[in-house]
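Please treat every number below as a calculation from the coordinates, not as lab data. Predicted model only: the values in this text are computed from it and were never measured. Don't worry about glycine lacking a Cβ; one is built from the backbone with ideal geometry, like all the others, and counts go over all protein chains shown.
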Ligand SMILES: N[C@@H](CCC(=O)N[C@@H](CS)C(=O)NCC(=O)O)C(=O)O
C-alpha cells in the first residue's frame with residue numbers, strides 16, 4: 001500500500017493543521033512541498049491548485065482541511081480528533097480559527113511570508129504578492145509591512161481569549177481535539193521566520209504550540 005501524500009506549502013496554516021492530525025494518528029505520509037509557481041503535480045493529483053491536498057492510499061485525493069480531517073477520522077478513528085459529544089463545538093471553534101483568527105494572523109505575518117518567498121526566488125515573491133494584491137487590492141503587501149505593528153496588535157487581541165482559556169488545561173476543551181489542531185495551524189503563521197513569535201507574555205499559548213508541535217517527535221523513532 002502506498003503511503004499517503006500531503007501536498008503543502010510549508011507556510012500554510014491549513015497544511016500545518018493536517019500535518020499534525022496525521023502525526024497525532026500515527027499515519028505514515030510523505031510531504032510534497034508545492035512550488036508556488038509550479039503546481040503541475042498538485043493539479044494533476046487534485047484537479048485544482050490550492051493546498052492542502054491529501055492523496056489517500058487508494059489513490060483518491062481530497063482537498064480542504066475540514067474535509068481531509070473528517071475523512072482521516074473515519075479512516076483512522078483511533079485516536080479520534082472528535083471526542084464524543086464535542087464534535088460540533090470543535091468544528092465551530094475551528095471555523096473561528098480558520099476565518100477570524102486567520103485573517104488577523106495572515107496580515108500580521110505578511111512581512112515574514114514575503115521574506116520566506118523572497119528566499120525561494122524573486123519570481124516566487126512576485127507571484128505571492130500578485131495573488132494577494134489581486135485579492136486584497138493594489139499596495140496590500142507594502143501597506144501590511146508598514147502597518148505591521150498595528151496588525152500584530154490586532155492578532156494578539158484575537159489570541160488573548162485562548163491564552164486565558166488555557167489557564168488550567170493543556171488543550172482548549174480539556175481533551176485534545178480538532179479545534180486544538182486548527183489553533184496550532186494558525187499559530188504557525190508566527191513560526192514562519194524560524195523563531196516562535198508568540199509573545200513571551202502569552203506563555204500558555206507558547207506551551208500549547210510546543211505541546212502540539214512535539215507530537216511528531218514522540219512518534220518519530222529517529223527524532
Ligand atoms: N478552506 C481551505 C483553505 C485552503 C487555503 O486557503 N489554502 C491556501 C494556502 S494557506 C492556498 O492554497 N492558496 C493558494 C495561493 O496562495 O495561491 C482549507 O481549509 O484547506
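Take 128-138, 21-31 and order them by the average number of nearby Cβ atoms within 10 Å per residue, most first; the result is 21-31, 128-138.
Could you calculate the FRET efficiency of residue 48 with residue 134 from 1/(1 + (r/R0)^6), where r is the beta carbon distance between them and R0 is 22 Å, rounded to 0.05?
E between residue 48 and residue 134, to the nearest 0.05, is 0.80.
Compactness of the stretch 4-81 is given as radius of gyration and Dmax, 11.7, 37 Å, from Cα positions. Give me the base-10 log of I(q)/I(0) for the stretch 75-151 at each q in 0.12, 0.14 Å⁻¹, Debye formula, one uniform scatterer per Cα, rounded to two decimals. Ignoring solvent entirely, the Cα scatterers give -0.51, -0.62. Largest GNM mean-square fluctuation among 185, 177, 121, using the chain with Cα springs under 10 Å: 121. Among 107, 204, 95, 122, sorting on how many other beta-carbon atoms sit within 10 Å of each Cβ, with the fewest leading, yields 122, 95, 204, 107. Once a ≥ b ≥ c are taken as the square roots of the eigenvalues of the Cα gyration tensor of the chain, is the result rounded (a/c under 1.5), prolate (a/b larger than b/c) or oblate (a/b not larger than b/c)? Oblate. Placing a pseudo-label 7 Å from each Cα along the Cα-to-Cβ vector at residue 200 and residue 35 gives an inter-label distance of 4.2 nm. A helix-only calculation puts the chain at -16500 deg cm²/dmol for mean residue ellipticity at 222 nm, using -39500 (n - 2.57) for each DSSP H run of at least four residues, averaged over all residues. I'd like the distance separating the alpha-carbon centroids of the stretch 112-153 and the stretch 62-107, in whole Å. Taking the Cα centre of the stretch 62-107 as reference, the centre of the stretch 112-153 is 27 Å away.
With a simple spin-label model that places each label point 7 Å from the Cα along the Cα-to-Cβ direction, the separation between residue 142 and residue 119 comes to 2.5 nm. The stretch between residue 58 and residue 216, if pulled fully straight at 0.36 nm per residue, gains 54.5 nm over its current Cα-Cα span.
Taking Cα pairs under 8 Å and at least six residues apart, what relative contact order does the chain come out at, in percent?
Worked out over the chain, it gives 26 percent.
As a calculated quantity, the FRET efficiency between residue 169 and residue 66 at R0 = 22 Å, using C-beta atoms, amounts to about 0.35. Take the Cα coordinates of the stretch 87-218, assign each an equal point scatterer, and use the Debye formula without solvent to give log10 I(q)/I(0) at q = 0.11, 0.13 Å⁻¹. Debye intensities relative to I(0), on a log10 scale: -0.43, -0.59.
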